[in-house]
Amino acid sequence: GYESETKMVTSDGGGGGKLRKVLGLGYWVQGFRCFPWLVVSFYLKDGLNVDPSTLQILQNSANLPMVGKPLYGLVSDSVYISGQHRVPYIAFGAFLQALSWIIIAISPSNISIFTISIYLLLSNLGASIAEVANDAIVAEMAKQSPSTTKHRQPSSSGNLQSFVWIAGSAGGVLGNLLGGIFIGRFQPQTMFLYFGLLLALQFLITISVPESSLGLPKSPSVGIRNQLSQLLVALRKPEIAYSISWFTASYAIIPALTGTMFFYQTQHLKINSSVLGISKVFGQATMLLWGIIYNQYFKSVPPRKLISAIQVTMAFFMISDFLFVRGFYRQMGVPDSLYVVIFSGFLEVLFFFKILPFSVLIAQMCPPGCEGSIMAFLMSSVALAFIVSGYLGVALASYIKITGSDFSGFPHALLIQAACTLVPTFWSSCIPDKVESKAKRKDS
């Protein structure tokens, strides 16, 4: 029955081992995607000589396939392939990614910006399809956790989310570490080829695991039209609609200045690529640690309080970046490279910290049967918010007249960014605080 099946979330044998193998590998590989993407940033800057605004536009535009996640979620929820509706989509996503990166690897070194953009879009299409299926499995299994057995701890409802978060972060740590080491020793095409072969291996491993062995809850195929109807009904629920709206806006309202900061650190400060790699490793390591700390200590904290605290912390570190660009830390004797490794690396991943508690919250509110659709809609909204944030950052940098050689207005832009980050905290009441406690009352 379902009780024995869902115990797999905390076991290592049988179906639980296979579930963790599929999900662990899937999230680890997605975290490892930073390995080729770190190379892409340098390749666009040094190989194709793009400016900061163009770099940021290309990076954000490559994420456009992520906006289609609700469609992939609807298809995954309602269209079964040989009796399976999760594993085939994970495998197909891995195949698309492997194909795109291998093609980039064997393409001539003078590839055009347009051509490489098409391949990067294809890669992110595959990544988003795989992520939707992985997220749906997590939502299906984690939503059952509180009621599996009366002997389970109430706080275990986020165990699976924490597990995949840690797997993804571990992939990010290794990807950035190897990327920082290899970037000056291998050709970009070689690194793209290695990642493509890794994805091909994931594809082969995934198709070797039958979905029936994972013990997923059985739900009949209801068709895309009915699935869409269920999704719309779920999104009309005030607690879901308000929560996702606030969460999306909390990202979209922030003008991202990642491209400008990348050029400031590499062009103006002459920070070595290996230092940036170590910075990203430090950031991913804190994400890994966050998954462990959240699972141990913060699951009982009301979601609204925790997410708002993360939002305020983001603004604090942006003000710290303002002081960094003004030379404050340098005057105190702190080397630029040390600040970049610790503070820049941490701020980069801090944006993602609130996704973990929010995904746990949404998984608890998901109506049965449309977990994939809801989680896909959420991550699509976040992806769109990041794209809007990136374009706002380009507009802000252009308005203040920041270029690849003139960063005089950069401190002012960072202060505006910090102020925008604080704005959503005034409407944090959109996030419910009672959902987790309700689950606990059912469990007791």
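The values are calculated or read from the model by the stated rules, or taken from the named source; none is laboratory data. Computed from a predicted model, the values in this text were never measured in an experiment. Cβ sites come from the backbone with ideal geometry, for glycine too, and all protein chains shown count toward neighbours. The protein model used for the area step is the full one, side chains on, heavy atoms only, and it has no ligands, DNA or RNA in it. Shrake-Rupley method; radii C 1.70, N 1.55, O 1.52, S 1.80 Å.
Some notes on this structure:
- Selection count, the stretch 156-191, where residues are outside any helix (DSSP H, G or I) and touching a helix residue (DSSP H, G or I) at 6+ places or on another chain (Cβ under 8 Å): 2
- Of everything in the stretch 379-407 that is in a loop (DSSP other than H, G, I, E, B) and of a type in the set (S, T, N, Q), the residue that is farthest from the chain's Cα centre (by Cα) is Ser405.
- Of all residues in the stretch 52-80, those being polar (S, T, N, Q) and either closer than 12 Å to Ala136 by Cβ or open to solvent by 40 Å² or more (accessible area, probe 1.4 Å) (or both) number 5.
- Residues that are open to solvent by 20 Å² or more (accessible area, probe 1.4 Å) and either assigned to a helix (DSSP H, G or I) or in contact (Cβ under 8 Å) with a residue 60 or more places away in the chain (or both) within the stretch 408-427 comprise His412, Leu415, Ile416, Ala419, Cys420, Leu422, Val423, Thr425, Phe426, Trp427, listed in sequence order.
- Checked against the criterion of being out of contact with any strand residue (DSSP E or B) (no Cβ under 9 Å at 6 or more places or on another chain), open to solvent by less than 40 Å² (accessible area, probe 1.4 Å) and not in a helix (DSSP H, G or I), the candidates Ile116, Ile90, Ile111, Ile104 yield just one match: Ile111.
- A search for C-beta distances below 7 Å between a residue of the stretch 247-264 that is under 30 Å from Leu235 (Cβ atoms) and any residue that is of a type in the set (Ser, Thr, Tyr), counting only pairs 6+ apart in sequence or on different chains, returns Thr248/Ser381; Tyr251/Ser389; Ala252/Ser389; Ile254/Ser389; Ile254/Thr421; Pro255/Ser389; Ala256/Ser389.
- Residue pairs meeting the criteria (Cβ under 7 Å; at least 6 apart or on separate chains; first in contact (Cβ under 8 Å) with a residue 12 or more places away in the chain, in the stretch 119-137; second among the β-branched types (Val, Ile, Thr) and buried (at least 22 other Cβ atoms within 10 Å of the Cβ)): Tyr119/Ile104; Ala130/Ile90; Ala133/Ile90; Asn134/Ile90
- For Val67, the requirement of being at pLDDT 80 or above and more than 26 Å from Ile244 (Cβ to Cβ) is not met.
- Helices (runs of 4 or more DSSP H) contained in the stretch 329-370 and holding at least 3 residues open to solvent by 20 Å² or more (accessible area, probe 1.4 Å) and either at positive phi or of a type outside the set (A, V, I, L, M) (or both): 345-353
- Applying a threshold of 7 Å to beta carbon distances and a minimum spacing of six or more residues, or different chains, the list of pairs starting in the stretch 265-288 at a residue that is at pLDDT 85 or above and ending at one that is among the aliphatic types (A, V, I, L, M) and not in a helix (DSSP H, G or I) reads Gln265/Ile271.
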